[in-house]
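> Quick one: the structure is below, questions incoming.
Each reported figure results from applying straightforward, stated rules to the coordinates on display, with no laboratory input. This structure is a prediction, so every number in the text was calculated from the model and none was measured. Cβ placement follows ideal geometry from the backbone for every residue including glycine, while neighbour counts extend to all protein chains displayed.
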Amino acid sequence: MRYGTGFGFGPQPPADPVYLRPGASIDYAFAQNQTGEVKLEVLDARGTVIRTFSSAEPRGLDARAGMHRFIWDLAYPGAWSPTPQRFGGGGPLAVPASYQVRLSVGDWTETKPFKVLEDPRVAKDGVTLADLQGQFDLSIKARDMLSESRRLLQRVRDAKKGQAESSAGWRRLDGIETQLATATANGIRYPQPM
C-alpha cells in the first residue's frame, strides 16, 4: 500500500486515488447532531484504556449528524510533558494483537473488538511477535523513565521559583536542573517499528 505524503502542487485530479493515513480506521455515524461530549476510547484486550479521544478537544471527534471516520495512529501515549499540547501523542506503536474501541455519547456506550495485524513484509523478514513485543516493552520503559525525569525536572524548576537566586538552595537546585535538562530531555526517539 502506498501512502500520500502531502507533498505536491495544486489539487489532485479526481481520478487519482486517495490513500488513508496508516492506522486503525474506526467508522461511526449519528442520525442527528450530538449536543453532549462524544468520547472514543481505545482499549487493549483486557479492557485497559490505551488512548482517549473526545469531541471536546481541538480538532477532536466529529459530533455532527452523518458518517464519520476516525483513524487511530496505533500509538500509545507518549512521555509526559509540562506543555499540554505535546502530551499524549508520539508514544510507541501497538503490537499486533486484539484491541477494543468504545464509543460513548451521554448514557449510550458501545464497544467493538478489532485486531491489529502484523505487516506480512515484516513477518517475511523473520521478525516475530516476540520481537515486536520486546521492542514495545523496551519503548514503554523508556517512555516511563523519560516521563519520570521530566516530572522531576518540573519539580526542581518549581522549587527554584520559591528561592532567591543568591541563596545556596537555588544554586543547588540550579545544578540539579542543569544535569536533568540535557539536549535530549525534551525528546525521545523510540526504535523504528519493525
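> Rg/Rh for segment 28-121: what does it come to with C-alpha atoms and Rh from Kirkwood?
Reported Rg/Rh, Kirkwood definition of Rh: 0.99.
> Determine the gain in length on full extension of the stretch A142-I71; use 0.36 nm per residue of separation and subtract their C-alpha separation, reporting nm with one decimal.
Numbers: separation 71, 0.36 × 71 = 25.56 nm, distance 2.56 nm.
My answer for the length gained is 23.0 nm.
> Sticking with the crude label model, points 7 Å out along Cα→Cβ, report the distance from E37 to S98 in nm, one decimal please.
Between E37 and S98, the simple spin-label model gives 2.9 nm.
> Pop the C-beta distance of S55 and T83 into the FRET formula with R0 = 25 Å and round what comes out to the nearest 0.05.
The calculated FRET efficiency here is 0.65.
> Need the full-extension length gain, R155 to R121, defined as separation in residues times 0.36 nm minus the C-alpha distance. One decimal, nm. Kindly include the intermediate steps, with their values, before the conclusion.
Numbers: separation 34, 0.36 × 34 = 12.24 nm, distance 4.52 nm.
Using 0.36 nm per residue and subtracting the Cα-Cα distance, I get 7.7 nm.
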